[in-house]
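The values are calculated or read from the model by the stated rules, or taken from the named source; none is laboratory data. Remember, predicted model here, so these are calculated numbers, not experimental data. All Cβ positions, glycine included, derive from the backbone under ideal geometry; neighbour counts span all protein chains shown.
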Amino acid sequence: MPVIKVENLSKVFGKNVKQSLKMLDSGKSKEEILRHTGDTVGVNRASFEVDAGEIFVIMGLSGSGKSTLIRLINRLIEPTEGHVYVDGEDLATMNKENLRRIRREKLSMVFQKFGLFPFRTILENAEYGLEVQGMDKEEREKKAKASLDLVGLGDYIHQYPEQLSGGMQQRVGLARALANDPEVLLMDEAFSALDPLIRKDMQDELLDLQTKMQKTIIFITHDLDEALRIGDRIALMKDGSIVQIGTPEDILVNPANDYVERFVEDVDRSKVLTAENIMKRPETINIDKHGPRVALERMREVGLSSIYVTDSKRNLKGFVTADDASDARKNEIRDLNEILRTDVPTVTRDKPMQEIFEIIHNTPVPVAVVDEGKLVGIIIRGSVLAALAGEGEVNVNV
Amino acid sequence: MLMFDFIPQIPISEAVQWLTDWITNTFSFIFNPIRNQFGDFMNWVADRLYDIPAIIIILLVAVAAFFVTGKKFGLAVFSLVGLLLIYNQGLWEELMYTFTLVLISSILSVIIGVPIGILMSKSKTAESIILPILDFMQTMPAFVYLIPAVAFFSIGMVPGVFASLIFATPPTVRFTNLGIRQVSTELVEAAEAFGSTGSQRLFKVELPMAKGTIMAGINQTVMLSLSMVVIASMIGAPGLGRQVLSALQRAQIGPGFVAGISIVILAIIIDRFTQNLNKGN
């Protein structure tokens, strides 16, 4: 039996709801209804099922109704029509008390802008869901701590949200959602507010967590790459309606209609992806502080045969190779400048992957991604191949 | 001359007069005990404050000012010098009475105002009814409140508190309403999504988020109380205001100035205290 079953779920915002619903049933479009009744159709008769342990991505551009849909599922927005079954119980028609019970025990939500309480510590934030259930302090602290440990924030429990970076704040949001061990996680554009590298880390981490926890996850996003990357199945939305549901491959290979096709046709990945999408965080050393010995040590640590050199402001200076560094150490050269190589292959953030392919083929070291002279990432051959194959990032060392 | 002259004058003033008389007579069984017991209580508070040696109060206020302002000397020194000056001018007892009045009317204003503000924030209907009443309360000249106050509670401190309540409560109500309505949708959604009850949402999320705004309203309420308490000297409320009034009646600029400056000193100290309490949190 599916954990979540959504049946003919609709939301109409406005004053002439009955008339609008009738028009929806007779197949009128969102624009026609707006013109005729002044009502806005948020979600139009959405139906789908989500199985236990599945990551179900609802994907659409802004205004497509995806945020409304996820709020209909836990009834933050009252549905106009239709049903939402969680473990067979219909959320759409149950009374307030039962709704509260379901929200406390079975559904948790992660918000786009994190939705953390600024006056509460990280621990107190993570405790919130347990606190409102009336769990005693000791027990809920223990559970909240365990949950924070799970997302790697065990050391920050007494800080306040504003003291943490965006990525860390969203981990708190995730920990808060996991603390009461819900069956279903509702994630509303959970990673959209994070910058690209952090967003990828968070996606990876979510997938890692998911292999351990096997939650049922409904994930909203406007980013097709994100959808393809984490979704077991994807529902594409347009103008409040679901236009296709399928596995990432289904959607890429058999687009249900023109809209989906247009959406995914650009996913000739080498054209869509740019340097920014496939770069990794660079391993660097600081020319102002470090010498060949540190360079060698660092390369051994991470298993690379060369390493990029920057100054304290992260301006790219060049790179050194392991061989040169090793020679330098033998000859007791202390200054990195003596072995620094400056014939660096560089690209900007927005360089299409197709062109990077050419560059990376002709160079023995990773390609540096620079932004106004500053090193922001590196691209290695492995990640280019992996991205082309559509498998996301794979850890391959050059 | 005017074309409406044929309409006889509508007896609004008679109606209000009648209503006030009726309330006074009908509810005297409530008003009288309030006047007596509450008046006794306020006198008791003022007397106890006056029992404490002035120098102890002055030092306590200065020390508190030092900590409240985040260990800065400005307000502490000002309080020390200002209060010593009031003492030196022989107005200490009056100061204690004025302070008692401000303290008690402010506390009552907050006790009454915050719940009303919460009610307004939760209900559109309540908001649309209460807002015009607040406008009315704030635009009516403050002196007018003194008249029913005297009718209900005779003269002294109690009618002073009554008039001050009407005049000074609106900011607390408004700011509480505003503060709660300003809490971001996402935080309210977060509270709801984790299964909070209405009161959990209010006490665990909305009120803490609105605290800064509510405190700003309370600060205004306290300052308005102070101004009303001075005016209330016209209906026999004791304190610094009475000094100003008597100086006015005798056209003595000197004593009037001294009492006036004492009120200013008290106002500044109270204002900075409430503001910094807000910031500190």
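Mind checking whether some residue in region A:89-108 is away from every other protein chain (no Cβ under 14 Å), basic (Lys, Arg), touching a strand residue (DSSP E or B) at 6+ places or on another chain (Cβ under 8 Å) and buried (at least 16 other Cβ atoms within 10 Å of the Cβ)? No, region A:89-108 contains no residue that is away from every other protein chain (no Cβ under 14 Å), basic (Lys, Arg), touching a strand residue (DSSP E or B) at 6+ places or on another chain (Cβ under 8 Å) and buried (at least 16 other Cβ atoms within 10 Å of the Cβ).
Restricting attention to region B:169-207, and to residues there that are within 11 Å of chain A (Cβ to nearest Cβ) and of a type in the set (Ser, Thr, Tyr), which single residue is surrounded by the most Cβ atoms within 10 Å (Cβ to Cβ)? Walk me through how you get there before you give the answer.
At the first step, the residues of region B:169-207 found to be within 11 Å of chain A (Cβ to nearest Cβ) are B:183-201, B:203-207.
So of that shortlist, the ones also of a type in the set (Ser, Thr, Tyr) come out as B:184-185, B:196-197, B:199.
Values: B:SER184: 12, B:THR185: 11, B:SER196: 24, B:THR197: 15, B:SER199: 8.
Across region B:169-207, the extreme among qualifying residues is B:SER196.
Residues that are modelled with pLDDT under 90 and over 30 Å from A:ARG262 (Cβ atoms) occur at least once in region A:171-192.
Just the residues that are within 30 Å of B:THR172 (Cβ to Cβ) and in a loop (DSSP other than H, G, I, E, B), please, taken from region B:242-281. Listed by number, the list holds a single entry, B:ASN281. Just so you know, in region A:118-159 the residues that are more than 14 Å from chain B (Cβ to nearest Cβ) and of a type in the set (Asp, Glu) include one that is surrounded by the most Cβ atoms within 10 Å (Cβ to Cβ), and it is A:GLU141.
Restricting attention to region B:46-74, the residues that are surrounded by 13 or more Cβ atoms within 10 Å (Cβ to Cβ) and over 20 Å from B:LEU103 (Cα atoms) add up to 3.
Scanning region B:208-231 for residues that are touching a residue at least 40 places away in the same chain (Cβ under 8 Å), under 30 Å from A:ARG100 (Cβ atoms) and surrounded by fewer than 19 Cβ atoms within 10 Å (Cβ to Cβ) gives B:LYS211, B:GLY212. Any residue at all in region A:174-182 that is under 13 Å from the mean Cα position of the chain (by Cα) and either surrounded by 23 or more Cβ atoms within 10 Å (Cβ to Cβ) or in a helix (DSSP H, G or I) (or both)? Taking every residue of region A:174-182 in turn, at least one turns out to be under 13 Å from the mean Cα position of the chain (by Cα) and either surrounded by 23 or more Cβ atoms within 10 Å (Cβ to Cβ) or in a helix (DSSP H, G or I) (or both). Taking each residue of region B:89-115 that is touching a residue at least 40 places away in the same chain (Cβ under 8 Å) and looking for partners that are in a loop (DSSP other than H, G, I, E, B) with beta-carbon atoms closer than 6 Å, six or more apart or interchain, yields B:GLU94/B:GLY239; B:TYR97/B:PRO238; B:TYR97/B:GLY239; B:THR98/B:GLY239.
Does any residue of region B:211-229 turn out to be within 13 Å of chain A (Cβ to nearest Cβ) and modelled with pLDDT under 95? First the steps, then the outcome.
Step one: list which residues in region B:211-229 are within 13 Å of chain A (Cβ to nearest Cβ), which gives B:211-212.
Checking which are modelled with pLDDT under 95 leaves us with B:211-212.
Yes, some residue in region B:211-229 is within 13 Å of chain A (Cβ to nearest Cβ) and modelled with pLDDT under 95.
Selection of region A:145-167 for residues being modelled with pLDDT of 90 or more, small (Gly, Ala, Ser) and more than 20 Å from the chain's Cα centre (by Cα) yields only A:ALA146. Take the residues of region A:25-70 that are in contact (Cβ under 8 Å) with a residue 40 or more places away in the chain and either within 14 Å of chain B (Cβ to nearest Cβ) or part of a helix (DSSP H, G or I) (or both): which is nearest to A:GLN244 (Cα to Cα)? Across region A:25-70, the extreme among qualifying residues is A:LYS66. Scan region A:81-94 for residues that are touching a residue at least 60 places away in the same chain (Cβ under 8 Å), farther than 14 Å from A:VAL50 by Cβ and part of a loop (DSSP other than H, G, I, E, B) and the total you get is 1. I'd like to verify a number: residues in region B:27-75 that are touching a helix residue (DSSP H, G or I) at 6+ places or on another chain (Cβ under 8 Å), among the aromatic types (Phe, Trp, Tyr) and part of a helix (DSSP H, G or I), how many? Counting residues in region B:27-75 that are touching a helix residue (DSSP H, G or I) at 6+ places or on another chain (Cβ under 8 Å), among the aromatic types (Phe, Trp, Tyr) and part of a helix (DSSP H, G or I) gives 4. If we scan region A:246-259, do we find a residue that is among the aliphatic types (A, V, I, L, M) and touching a strand residue (DSSP E or B) at 6+ places or on another chain (Cβ under 6 Å)? Checked against the condition, which is being among the aliphatic types (A, V, I, L, M) and touching a strand residue (DSSP E or B) at 6+ places or on another chain (Cβ under 6 Å), region A:246-259 yields at least one hit.
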